[in-house]
1. Hey, any hits in segment 149-167 for a residue that's at pLDDT 95 or above and under 19 Å from the mean Cα position of the chain (by Cα)?
2. Given the criteria closer than 21 Å to residue 194 by Cβ and crowded, with 17+ Cβ neighbours inside 10 Å, does residue 331 qualify?
3. Out of 90, 113, which single residue is touching a helix residue (DSSP H, G or I) at 6+ places or on another chain (Cβ under 9 Å) and either surrounded by 21 or more Cβ atoms within 10 Å (Cβ to Cβ) or more than 28 Å from residue 254 (Cα to Cα) (or both)?
4. Restricting to segment 23-35, give me the number of residues that are touching a helix residue (DSSP H, G or I) at 6+ places or on another chain (Cβ under 8 Å) and either at pLDDT below 95 or more than 10 Å from residue 363 (Cβ to Cβ) (or both).
5. Which one is nearest to the chain's Cα centre (by Cα), of the residues in segment 227-249 that are surrounded by fewer than 17 Cβ atoms within 10 Å (Cβ to Cβ) and assigned to a helix (DSSP H, G or I)?
6. With the condition being farther than 30 Å from residue 89 by Cβ and at pLDDT 95 or above, I'd like the helices (runs of 4 or more DSSP H) fully within segment 284-388 carrying at least 3 qualifying residues.
7. Residue 152 versus (1) within 22 Å of residue 378 (Cα to Cα); (2) outside any helix (DSSP H, G or I): which is the lone unmet condition?
8. Of the conditions (1) surrounded by fewer than 16 Cβ atoms within 10 Å (Cβ to Cβ); (2) touching a residue at least 24 places away in the same chain (Cβ under 8 Å); (3) under 28 Å from residue 221 (Cα atoms), residue 126 fails just one. Which one is it?
């Protein structure tokens, strides 16, 4: 049996690029402060016609899909028993930790009456027929589960004397014994809320373009999240190995890229099948903005399948990287379009995010990158030796 060890990357934390990212975080923090001091109207272009702006569409709907690397790998490793991929599990889990935690931060920024957010946890306020209620509870629960699953990395880094003094060694034993329960929840919860992000759009009806609206939206959002989760793993592993001159994980990434392409192909089959069944595919060639956005999405989704179609393509680090970038770009555009660009609320409503809105989103993304760099350099996240 093969045991997998993890080790901190080490090296300087406060590099030039790290400080540049920090500058964008400070700019975003300034506008977040203005939002809480002077209200949403001071920094946002959201309105009654577009109550969901870029913070929800990008930071939550796209951000949680980027955070599905841990979910996608847990499904592969623990449900389908493909333990070969276990070395990729903890880095993927870390991306999920930050993706979901910062999505929760974005929701708090977006809520008009954010002080009422915790009413979700009070049974007498529960709206059991609400899809958004289910999404909110699942995201809160899954974020907690992700941090619990990542706790072993903190415990492994702590000195034994420190753990014994505060009884953390008992916590470590508890997690080793019962972590499988949290892993099970970690697979169940994203399956629920990622599909429910598609269910949210079902209430829009004719306000959502037929190129995106279908009763298959829950399955489309779930499969796109899975594909993006594998895309994130491919991208992070490639950037980490190239950026920090680490040994390549090609032996794992080559077969994983085939799985990513397969999930993406399933997404396209369901999507185009729904469009053909509904007779709406011709709208893609109408020459308008929404038709063109659909075509761009399709090209971005087809590119990874073409790049990874052959064994040579899957074995090429360059092609895997390009395929991952294209997959993530296509998945992001699909979700942004479904929540914003393909929506017509009527009555002349229009929406384009303000500069402060965009800077807050940029700040949140930069904070996620900074924390990821900090954690991989100081905690045992990246795979080290594979000991038999």
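1. yes
2. For residue 331, the condition - closer than 21 Å to residue 194 by Cβ and crowded, with 17+ Cβ neighbours inside 10 Å - is met.
3. None of the other options fit; the residue is 90.
4. So the answer is 2.
5. Ranking the qualifying residues of segment 227-249, first place goes to 239.
6. Counting at least 3 such residues, we get 289-307, 355-378.
7. Unmet for residue 152, out of (1) within 22 Å of residue 378 (Cα to Cα); (2) outside any helix (DSSP H, G or I): (2).
8. Evaluating residue 126 over (1) surrounded by fewer than 16 Cβ atoms within 10 Å (Cβ to Cβ); (2) touching a residue at least 24 places away in the same chain (Cβ under 8 Å); (3) under 28 Å from residue 221 (Cα atoms) leaves (2) as the failure.
The values are calculated or read from the model by the stated rules, or taken from the named source; none is laboratory data. Model, not experiment: these values are computed from the prediction. Backbone-built Cβ (ideal geometry, glycine too); neighbour counts: all protein chains shown.
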